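Structure record follows, encoded as structure tokens.
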Number of protein chains: 4
Amino acid sequence: MFTHHVQIRVTYADTDQMGYVYYGNYARYYEIGRVEALRSLGFSYKEMEASGIMMPVYENNSRYLQPALYDDLLTVKVLVKTPPSVRMVFEYEICNEAGTLLHTGVTTLVFFNRQTNKPCRAPGVLLERLKPFFA
Amino acid sequence: MFTHHVQIRVTYADTDQMGYVYYGNYARYYEIGRVEALRSLGFSYKEMEASGIMMPVYENNSRYLQPALYDDLLTVKVLVKTPPSVRMVFEYEICNEAGTLLHTGVTTLVFFNRQTNKPCRAPGVLLERLKPFFA
Amino acid sequence: MFTHHVQIRVTYADTDQMGYVYYGNYARYYEIGRVEALRSLGFSYKEMEASGIMMPVYENNSRYLQPALYDDLLTVKVLVKTPPSVRMVFEYEICNEAGTLLHTGVTTLVFFNRQTNKPCRAPGVLLERLKPFFA
Amino acid sequence: MFTHHVQIRVTYADTDQMGYVYYGNYARYYEIGRVEALRSLGFSYKEMEASGIMMPVYENNSRYLQPALYDDLLTVKVLVKTPPSVRMVFEYEICNEAGTLLHTGVTTLVFFNRQTNKPCRAPGVLLERLKPFFA
């Protein structure tokens with residue numbers, strides 16, 4: 001299993017009039033978690049996309065256990081439990097500073113070749129970087 | 001079953017550099033669908049919240065079948081298949097102008113009493129307005 | 001002068017924990033106003049962009065006179081006071097249902113040729129459609 | 001003069017189909033800059049708001065000189081050139097990693113007492129913390 005975590009401060013922009021983080025804004029937290037998890041492996045999402053492979057989201061499931069609040073310093077833990085193939089599944093656990101689990105999520109992304117306009121396998125470089133975590 | 005649909009034009013703000021609607025932005029489309037579905041019953045979410053009952057999202061599941069694109073005129077169909085209790089489940093089917101199904105989603109919301117700070121039953125008025133659809 | 005107006009319902013997503021529309025979200029309202037104003041002339045922003053000319057924003061000035069609130073049905077009035085050249089200036093006046101002026105804004109956009117990567121003149125078709133308003 | 005700077009990574013969520021940061025999303029960058037500038041003084045916006053004083057935005061002016069792009073690591077420099085009174089003016093200069101100035105902005109916020117529902121003076125604590133910078 002490969003895991004990584006990042007810290008994200010909740011902005012005013014993220015909140016709604018309930019005083020909670022608006023439910024659609026977790027998608028951005030997930031994205032930051034994913035991209036930084038890959039960067040920690042020395043793998044740049046930006047470069048992959050520049051090379052012609054992009055990763056649209058195919059499925060997303062979210063559970064809102066407790067609200068995240070303005071100015072909370074969240075820890076987003078990203079978990080990759082299986083090596084990617086044509087798809088890559090990221091799980092997330094989001095806690096506040098007190099360590100309370102506020103939120104869980106699972107996102108399935110698809111590798112997609114922009115030139116052929118078809119799904120494709122995960123890039124070899126990414127598979128290599130992830131290999132040690134699934135040995 | 002109670003159903004309602006609304007039309008939403010995809011803005012530039014909704015898109016990302018892939019040229020797709022960013023995956024977190026469907027949450028707003030769902031919200032517009034839900035609130036307008038309730039309004040079509042003569043029920044105002046705003047008034048319910050002013051009366052002390054709010055509806056935070058507890059769970060959200062989304063499937064991105066085909067990308068929604070800039071300036072698409074989307075039809076968001078909202079389906080309520082069971083009468084609300086402490087929870088209310090909304091399903092969504094989003095099509096483009098050609099009638100192609102692009103996206104499906106399911107959101108579970110909880111009725112929550114702000115004074116007692118506890119979950120509560122759906123307001124009687126809402127249950128009454130929905131009754132004819134579940135007879 | 002060319003004017004057009006659209007109605008926009010404030011969503012929960014637009015609000016922040018102050019209970020106001022977050023100040024960055026007016027940009028979307030302006031965008032909807034601009035694009036629908038052009039569409040009312042029979043001119044499609046999407047088609048212009050597909051033809052290789054895009055309109056990035058160069059300058060934006062906003063005044064927040066009174067807060068727009070959740071579920072407000074806003075009227076966004078768009079005003080074009082001078083014919084476009086390399087730039088096009090849009091002004092906005094946003095009122096609530098009571099007719100109270102909540103917000104004013106001015107956005108300057110630039111016509112930009114994606115192939116030459118340089119600013120360019122407004123498309124002839126757009127100038128023609130606007131001509132009657134500046135005679 | 002008081003200055004502070006923060007670094008912000010451009011997310012996919014921030015971009016639009018032009019491949020630029022959407023013009024409304026700079027408001028969030030400004031907000032992060034402002035709040036972290038205040039935090040660096042030992043002053044918490046969150047606590048001020050909890051004490052009954054909030055700071056709605058009254059005016060915002062933005063210049064988009066060059067586009068910020070996906071994955072750019074931006075430096076947002078915040079400048080406070082005059083001590084706050086009933087208003088507080090923040091200026092911003094946003095550069096990319098190459099040091100190119102991409103964007104400038106100015107935001108005027110108002111101190112507002114939620115109980116009296118009227119504008120008020122800046123909290124004494126904030127004025128004290130800022131004093132050394134305007135001596």
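Quick notes on this one:
- Among the residues of segment C:58-101, the ones that are in a strand (DSSP E or B) and in contact with a Phe, Trp or Tyr (Cβ under 8 Å, 6 or more places away or on another chain) come to 18 in all.
- For segment A:117-135, residues that are modelled with pLDDT of 95 or more and part of a loop (DSSP other than H, G, I, E, B) total 4.
- Of the candidates C:K46, C:K77, C:K118, the single residue that is of a type in the set (D, E, K, R) and within 14 Å of the chain's Cα centre (by Cα) is C:K77.
- Residue in segment A:22-37 that is of a type in the set (D, E) and either assigned to a helix (DSSP H, G or I) or closer than 20 Å to A:T100 by Cα (or both) present: yes
- Looking across segment B:1-56, the residues that are basic (K, R) and more than 8 Å from every other protein chain (Cβ to nearest Cβ) come down to B:R34, B:R39.
- Looking across segment A:61-81 at every residue that is within 24 Å of A:F133 (Cα to Cα) and touching a helix residue (DSSP H, G or I) at 6+ places or on another chain (Cβ under 8 Å), the one that is nearest to the other protein chains (Cβ to nearest Cβ) is identified as A:V76.
- Scan of segment B:100-116 for residues that are modelled with pLDDT under 95 and surrounded by 13 or more Cβ atoms within 10 Å (Cβ to Cβ), ordered by number: B:R114
- Residue list for segment A:40-96, filter: more than 30 Å from D:E31 (Cα to Cα), of a type in the set (D, E, K, R) and touching a Ser or Thr at 6+ places or on another chain (Cβ under 6 Å): A:E59, A:R87
- Every pair of residues 6+ apart whose Cβ atoms lie under 6 Å, when the first sits in segment B:70-99 and is in contact (Cβ under 8 Å) with a residue 40 or more places away in the chain and surrounded by fewer than 17 Cβ atoms within 10 Å (Cβ to Cβ) while the second is assigned to a strand (DSSP E or B) and of a type in the set (D, E, K, R): B:L73/B:R9
- Subset of segment A:14-47 (residues that are touching a residue at least 12 places away in the same chain (Cβ under 8 Å) and small (G, A, S)): A:G19, A:A27, A:G33, A:A37, A:S40, A:G42
- The residues of segment C:1-19 that are small (G, A, S) and assigned to a loop (DSSP other than H, G, I, E, B) amount to a single one, C:G19.
- Any hit, segment D:111-125, residues being in contact with a His (Cβ under 7 Å, 6 or more places away or on another chain), in contact (Cβ under 8 Å) with a residue 60 or more places away in the chain and more than 14 Å from chain C (Cβ to nearest Cβ): no
The values are calculated or read from the model by the stated rules, or taken from the named source; none is laboratory data. Please read all numbers here as calculations on a predicted model, not as lab measurements. All Cβ positions, glycine included, derive from the backbone under ideal geometry; neighbour counts span all protein chains shown.
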